[in-house]
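S.K.: Take this structure first; my questions come after.
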Amino acid sequence: MERIASLVRNGVLVVAILMVPATTAAGQLISIKSVPVANGDQFLVYPSKNLGMGGVSIALDDPWLDPFVNPAKASRLDGSMVFSAPVFYNVTNDNGGARTLPVGASINSEDWFAGGILSIQELKAPQTGTPRIGPQPFTGPIDFVPSPDVLSERSATNTYFHGFAGTRLTNTDITLAGSVALAELNAVDGVEHLYALSNDIDQFGHSLDVRFGLLRDTKDGRAFELVLLHNRFNVTHDVSYIDWVWDEAAQTGQFVTRTERNIDRTNTVGAHLQYSQPITSSGWRAGGIFTANYKSHPKIPNYEIMNIPRDPGNSWAYNFGGGLSQSIGDASFGVDIVYEPIWSNTWAEAEVETEKAGGGVIPPGGKTIENDFRFSNALIRLGLGRDSKRFAFRVGLQIRSISYRLKQFDYVAQFQREQNEQWMEWTPTWGAGLKFKEFELRYSGRVTTGTGRPGVAWTPGRMNAISEIAALSDFIVAPSGPLTLQDASVITHQFSVAVPIR
């Protein structure tokens, strides 16, 4: 963790680490993550039968989740049903969590199908203390109180909607469908840790995901699918700080509230191809995927913990891999292996003419700092399951390896550096189910390790030093203290129920 602390302290960018869903429903949206932040399962709002099997999906169908990944796959549903999949997760060491209640339905006729899901979520803030400074002059060591300290800041409500509809083309084995997903976001899990010295954070925004899906199921068991998507994410962070302001003439100081507005905006267009077919008569099946995302980052938050301004950027992200599964009787097995190469480039722009070390000037709008990332990530999922007439169980494991090289260019200081980082995230999964004639119940659980929550260490001694340094205008006090990265695991429980409409 010390190496990761050094990474963040040196101003390494975090790109879209918080808004990317951690569920396979967003498998066509490739996440870009430069520090091992435990960002929770906030976007796990869909039911899944394979969640307890490590989320295997390439060569093994997940009839409950697939319609939300590719809307055309809803044509495979057997009849109509109503369903719900409540999710509860928490981040260890009192780092917050969430409770989500989704309710949905799907209707399937001979020629067309449609469905949707509405989810309401309560996101809880961490219970750890953060520094609070009152309006009175500073007279002693800072007090630590639970943060945030008002009810509206202790929890936030998010709302999600996802709807799909499609049709089977007459006299063909082709299905076409489309879907729209909307989210009203009043908080994104983990953002408060990226502004560790703030007094208050007000978040608001939305996301939009539009998909077009095509599916072809042939009589000999082959399946080909195509998904085209457009995703827009736009959230605003109004971050408040309490600063110590020194009046040189009066030789006195006071605390003043300051608010900064940071905008987090990413637009993604992408395409996903998937193919699978039986390879033996004994239930073995093989498949492959290829996904491409282009992400534009019109505005990236100036996270306090990074201490470096960042403006626009863009990324190219790909994944390709293969899967193998076997289904014999009541038992099933699946494994996915995926490789993700990613190229990401972000930079800061000068607001005014800026002198360069050694001579020369950077004009307004010119690059002052540039970050060039080259990721080489890998993902392995494997799982076992058994479904009898009455009972079901699941067990699985997901392993994600993240590795990248950063080249950072400082055009003001005329300095260049290179850094390599890597870590692994382990996610064991499990599940069980009960089947009845009238309905089906499922439980899935998982825990993700190898991640943490960043923060800034405060000490009374450092606060005392502020009043002494504030009068010296030639000294710039760093906006953050020593960086900390607390180990944290995400523990998630999902309970699903499906009731057929007969």
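S.K.: Quick one: what pairs do we get from region 354-383, first residue over 20 Å from GLU425 (Cα atoms), second among the aliphatic types (A, V, I, L, M) and open to solvent by 70 Å² or more (accessible area, probe 1.4 Å), C-beta under 8 Å, 6+ apart or different chains?
M.R.: THR354/VAL361; GLU355/VAL361; PRO364/VAL352
S.K.: Condition first: open to solvent by 60 Å² or more (accessible area, probe 1.4 Å), closer than 30 Å to ILE30 by Cα and free of Cβ contacts under 8 Å to residues at least 40 places away in the same chain. Now tell me which residues in region 235-276 satisfy that.
M.R.: Those that are open to solvent by 60 Å² or more (accessible area, probe 1.4 Å), closer than 30 Å to ILE30 by Cα and free of Cβ contacts under 8 Å to residues at least 40 places away in the same chain: ARG261, ARG265.
S.K.: Just to be sure I understand the filter: pairs with C-beta atoms under 7 Å, separated by 6 or more residues or on different chains, first member in region 204-217 and under 25 Å from VAL191 (Cβ atoms), second member open to solvent by 80 Å² or more (accessible area, probe 1.4 Å) and basic (Lys, Arg). Which pairs pass?
M.R.: Close Cβ pairs satisfying both conditions: SER207/ARG232; LEU208/ARG232.
S.K.: Kindly indicate whether any position in region 209-216 is part of a loop (DSSP other than H, G, I, E, B), open to solvent by less than 60 Å² (accessible area, probe 1.4 Å) and within 30 Å of ALA125 (Cβ to Cβ).
M.R.: No, because not a single residue in region 209-216 is part of a loop (DSSP other than H, G, I, E, B), open to solvent by less than 60 Å² (accessible area, probe 1.4 Å) and within 30 Å of ALA125 (Cβ to Cβ).
S.K.: Hey, could you check region 311-332 for residues that are buried (at least 16 other Cβ atoms within 10 Å of the Cβ) and of a type in the set (A, V, I, L, M, F, W, C) and say which is nearest to PHE375 (Cα to Cα)?
M.R.: Per the stated criteria, the residue is ALA317.
S.K.: Next question. ASP189: surrounded by 17 or more Cβ atoms within 10 Å (Cβ to Cβ) and at pLDDT below 95, yes or no?
M.R.: Values: surrounded by 17 or more Cβ atoms within 10 Å (Cβ to Cβ): yes; at pLDDT below 95: yes.
Against the criterion (surrounded by 17 or more Cβ atoms within 10 Å (Cβ to Cβ) and at pLDDT below 95), ASP189 qualifies.
S.K.: What number of residues within region 333-368 are under 30 Å from ILE58 (Cβ atoms) and open to solvent by 40 Å² or more (accessible area, probe 1.4 Å)?
M.R.: Residues that pass the stated criteria total 4.
S.K.: Do you know which residues across region 288-340 are acidic (Asp, Glu), modelled with pLDDT under 85 and under 20 Å from the mean Cα position of the chain (by Cα)?
M.R.: GLU304
S.K.: Could you say whether any residue in region 67-81 is hydrophobic (A, V, I, L, M, F, W, C) and part of a loop (DSSP other than H, G, I, E, B)?
M.R.: Taking region 67-81 first, the residues hydrophobic (A, V, I, L, M, F, W, C) are 68-69, 72, 74, 77, 81.
Applying the additional criterion that residues be part of a loop (DSSP other than H, G, I, E, B) yields 77.
Checked against the condition, which is being hydrophobic (A, V, I, L, M, F, W, C) and part of a loop (DSSP other than H, G, I, E, B), region 67-81 yields at least one hit.
S.K.: Something else about it: Going by what's in this entry, would ARG394 be described as part of a strand (DSSP E or B), within 17 Å of LEU51 (Cβ to Cβ) and not polar (S, T, N, Q)?
M.R.: So ARG394 passes the test.
S.K.: Looking for something under 18 Å from PRO36 (Cβ atoms), surrounded by 20 or more Cβ atoms within 10 Å (Cβ to Cβ) and either at pLDDT below 65 or touching a Gly at 6+ places or on another chain (Cβ under 9 Å) (or both) - is there at least one such residue anywhere in region 435-447? If you could, list the steps in order and put the result at the bottom.
M.R.: From region 435-447, those under 18 Å from PRO36 (Cβ atoms) are 446-447; that's our starting set.
So of that shortlist, the ones also surrounded by 20 or more Cβ atoms within 10 Å (Cβ to Cβ) come out as 446.
Those still in the list that are either at pLDDT below 65 or touching a Gly at 6+ places or on another chain (Cβ under 9 Å) (or both) too: 446.
Yes: region 435-447 contains one or more residues that are under 18 Å from PRO36 (Cβ atoms), surrounded by 20 or more Cβ atoms within 10 Å (Cβ to Cβ) and either at pLDDT below 65 or touching a Gly at 6+ places or on another chain (Cβ under 9 Å) (or both).
S.K.: While we're here: Just name the residue that is nearest to ALA223 (Cα to Cα) out of those in region 158-173 that are modelled with pLDDT under 95 and surrounded by fewer than 16 Cβ atoms within 10 Å (Cβ to Cβ).
M.R.: Looking at residues that are modelled with pLDDT under 95 and surrounded by fewer than 16 Cβ atoms within 10 Å (Cβ to Cβ), I get ASP173.
S.K.: Something else about it: How many residues does region 23-66 hold that are under 18 Å from GLU440 (Cα atoms), part of a helix (DSSP H, G or I), out of contact with any Gly (no Cβ under 6 Å at 6 or more places or on another chain) and in contact (Cβ under 8 Å) with a residue 12 or more places away in the chain?
M.R.: 1
S.K.: Would you be able to say whether some residue in region 393-406 is hydrophobic (A, V, I, L, M, F, W, C), crowded, with 20+ Cβ neighbours inside 10 Å, more than 21 Å from LEU324 (Cβ to Cβ) and within 19 Å of the chain's Cα centre (by Cα)?
M.R.: yes
S.K.: For region 53-73, how many residues are open to solvent by less than 10 Å² (accessible area, probe 1.4 Å) and among the β-branched types (Val, Ile, Thr)?
M.R.: Number satisfying all stated conditions: 2.
The values are calculated or read from the model by the stated rules, or taken from the named source; none is laboratory data. All values reported here derive from a predicted model rather than from experimental measurement. Don't worry about glycine lacking a Cβ; one is built from the backbone with ideal geometry, like all the others, and counts go over all protein chains shown. Protein only, heavy atoms only, side chains kept; ligands, DNA and RNA dropped before computing areas. Shrake-Rupley method; radii C 1.70, N 1.55, O 1.52, S 1.80 Å.
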